[in-house]
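What follows is a set of notes on a single structure, which appears directly below.
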Amino acid sequence: MDDSRAYEPLGTDLARPVVVFVEDEADLVAMAGDYLRRDGFQVVTASDTRSAAAALREHHADLMVLDLGLPDGNGLDLLRGVRAGRHLPVIILTGWGSERERVVGLELGADDYVVKPFSLPELAARIRAVLRRSRRPEADPVLRHGTLTIDTASHEVTADGERLALTPLEYALLAFLAAEPRRVFTTAQLRSAGWGWASERQNPSVVEHVYRLRRKLTDAGVDRPRIVTVRGTGYRLDP
């Protein structure tokens, strides 16, 4: 998979986005594929890393849903290959006990994850949320707080001129908080901004992403602004 152009979303008909669904459980593939097609998506399925790579070369994919446990290799290897090319939104599928792989997947730049077993309406909602984030126009071009600069046109964040390597979800959370500094946002509001899905099951995801975002800001030497926890409510950005 050395042709990075294979992974670039090519602007297919947004009314019927193309989803490459990579999963080796045949029953799940059949159910999810049927549901997503009825829900307005075009679905291309693959059962292993080899067929997934071929699907990405042959189709103008808008998003990939990727199971991390595949018969011919770890899905993380495929994700690394995707991230070596231009950005293709990716949602990873993991089991309840696969926290380490889930964290690694997010660190590699996955946009979201879904834990098995999951509901098909939830999966469809997550896909739509990720697609909206990947195409969402931003109102203000540049946000500046202390040593931090957030370019909402290019989705680049710099600290003292040095670019920070943030995942799409980390960027979405930071930009959302930075647009209204000192305002307290609930975890539900942050879920809606980042995931577009209001299920209470996603509270841990907000906590995990805020933790990683704080760590990256600290590692970059950013003292201000800082993300403050408001106990029992949510978070705010103090400039």
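Readers should treat all values here as calculations from the given coordinates under stated rules, not as data from a laboratory. What you are looking at is a predicted structure, and each value in this text was computed from that prediction instead of being measured. Glycine gets a Cβ as well: all are built from the backbone with ideal geometry, and neighbour counts include every protein chain shown.
Please work out how much length the chain gains when fully extended from V184 to A54, using 0.36 nm per residue of separation minus the C-alpha to C-alpha distance, in nm with one decimal.
Gain in length upon complete extension: 42.2 nm.
Which of rounded, prolate, oblate describes region 22-109, given a ≥ b ≥ c as roots of the alpha-carbon gyration tensor eigenvalues and a/c under 1.5 marking rounded, otherwise prolate only if a/b is larger than b/c? Show your work: numbers first, answer last.
Numbers: a/c = 1.56, a/b = 1.21, b/c = 1.29.
Because a/c hits 1.5 or more and a/b fails to exceed b/c, region 22-109 counts as oblate.
HN-Hα J couplings of region 152-161 from phi, Karplus 6.51/-1.76/1.60, θ = phi - 60°, integer Hz, Gly and Pro as x?
7, 7, 9, 6, 10, 10, 10, 10, 6, x
For V230 and T158, FRET efficiency with R0 = 25 Å and r from the beta-carbon atoms, rounded to 0.05? Mind dumping the intermediate values first?
Working: r = 27 Å, r/R0 = 1.08.
The formula returns an efficiency of 0.40 here.
If I model a spin label at Y211 and D34 as a point 7 Å from the Cα along the Cα→Cβ vector, what separation in nanometres do I get?
That separation, rounded to one decimal, is 3.9 nm.
Can you list the residues, at least 5 places off or on another chain, whose amide H is less than 5 Å from the amide H of R226, using H built in the peptide plane?
For R226, whose amide H was placed from the backbone, the distant partners under 5 Å are D238.
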